[in-house]
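A.B. asks: A single structure is presented below for examination.
Throughout, read-outs are computed from the coordinates displayed, never taken from laboratory work. Since the structure is predicted, the reported quantities are computational estimates derived from the model, not experimental observations. FYI the Cβ positions are ideal-geometry reconstructions off the backbone, even for glycines, and counts take in every protein chain you see.
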């Protein structure tokens, strides 16, 4: 669950949580149900489905209040945050007041989150000097956890960008990676690192958009790669190294970065780097869900009248078609909901009646930095694993 959520495959993580919560209720495990509801709310929040997230957080809050747990102020804050994302300040304020009243003064993380929320309200109410001062104070407070300081820094950069102060915005955005390194050094467990990555993904998406709007294509590529490098390891990403890798291996590199409202594809060859603007997760997610259902129903995408496969091919592969001739070798690095897509089953960009796997050799990697890291080859014996499900749907027969 942590792995799929941290890599951005929120659909799969949410499916697991939605199945777990009613099981906990049926077993009378109210505390577990509260936890699953809260985590489902977090996934829905990350997906941008704020009404559904608020509903889960409210249910978790209600259970916490009935059980008298210490999580009550945190759930109240979570409800408030969903309303803030929808700019519904009147709905957010009572939950924010409840969280503030019940919060433990020694809980610095929740205290910082509440301070950030109040700064966001000031910004939404056009009290920009108040918001700027609050963001600056949080970002500069070294007693706070680095993730809180990083969020404040990112929001301060966005405030400057929206206030037509691009140079100040650029300076603050450039400080994000340094604070991010401090965060990563304090997150030793893999699950903490993944949760951290999910929480700041939108800040980096805004940073990437800011750089692309300024025409800084290569720094935007390296910035988009940085967040996954901090999560999953690998070598630092420099565009020159990627082009050298493409030349040395004879591969084309497709690197996707998915944001809420717009996404980017960088096509990297030995001689050039080309950036393409793509739709955001809000547009891609319904298409991916439809296509996934088509595959799970064991329908042949080539023969189906459903236009989803054609549309996904147009959006995700056609921008790079000139670099993907038949026989191409491709390193493909997906992002967010694209992790759940089997790219090999899309149409070949040059032969729509064929699967892409018939025209290309495709290697999928979770992060660009892992492509650049020295190969770790296993020593000793090798193994070939072949799946043989106990129950096969008609008309398929078990393997011999």
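A.B. asks: Rank the residues 101, 62, 172 as a footprinting-exposure proxy: fewest other Cβ atoms within 10 Å of their Cβ go first.
C.D. replies: Numbers: 101 9, 62 14, 172 23.
Lowest to highest Cβ neighbour count: 101, 62, 172.
A.B. asks: Can you tell me the order of 286-298, 357-369, 41-53 when each peptide is scored by its average per-residue count of other Cβ atoms within 10 angstrom, highest first? Working shown, then result.
C.D. replies: Details: 286-298: 14.4, 357-369: 18.0, 41-53: 20.7.
Those peptides, ordered most packed to least, come out 41-53, 357-369, 286-298.
A.B. asks: To the nearest 0.05, what FRET efficiency results for residue 329 and residue 88 with a Förster distance of 45 Å applied to their C-beta separation? Mind showing how you got there, number by number?
C.D. replies: Values: r = 50 Å, r/R0 = 1.10.
With R0 = 45 Å, the Cβ-Cβ based efficiency is 0.35.
A.B. asks: Then there's this: Considering every pair of different Cα atoms, what Kirkwood radius, in Å, is found for the stretch 239-372?
C.D. replies: Numbers: mean 1/r = 0.0664 Å⁻¹.
The answer is 15.1 Å.
A.B. asks: Could you list the residues of the stretch 273-294 with an amide nitrogen less than 15 Å from a label point located 7 Å from the Cα of residue 304 in the Cα-to-C-beta direction?
C.D. replies: Inside the label zone: 285-294.
A.B. asks: Given the C-alpha atoms of the stretch 2-188, compute the convex hull and give its volume per residue in Å³. Please report the intermediate quantities before stating the final value.
C.D. replies: Values: hull volume 24.3 nm³, N = 187.
That works out to 130 Å³ per residue.
A.B. asks: Provide the packing ranking of 123-134, 335-346, i.e. peptides ordered by the mean count of other C-beta atoms within 10 Å per residue, highest first. Each step should come with its number before you reach the end.
C.D. replies: Numbers: 123-134: 15.0, 335-346: 20.2.
Sorting 123-134, 335-346 by mean packing, highest first, produces 335-346, 123-134.
A.B. asks: Please work out how much length the chain gains when fully extended from residue 27 to residue 213, using 0.36 nm per residue of separation minus the C-alpha to C-alpha distance, in nm with one decimal. Each step should come with its number before you reach the end.
C.D. replies: Values: separation 186, 0.36 × 186 = 66.96 nm, distance 5.24 nm.
Separation in residues times 0.36 nm, less the Cα-Cα distance, equals 61.7 nm.
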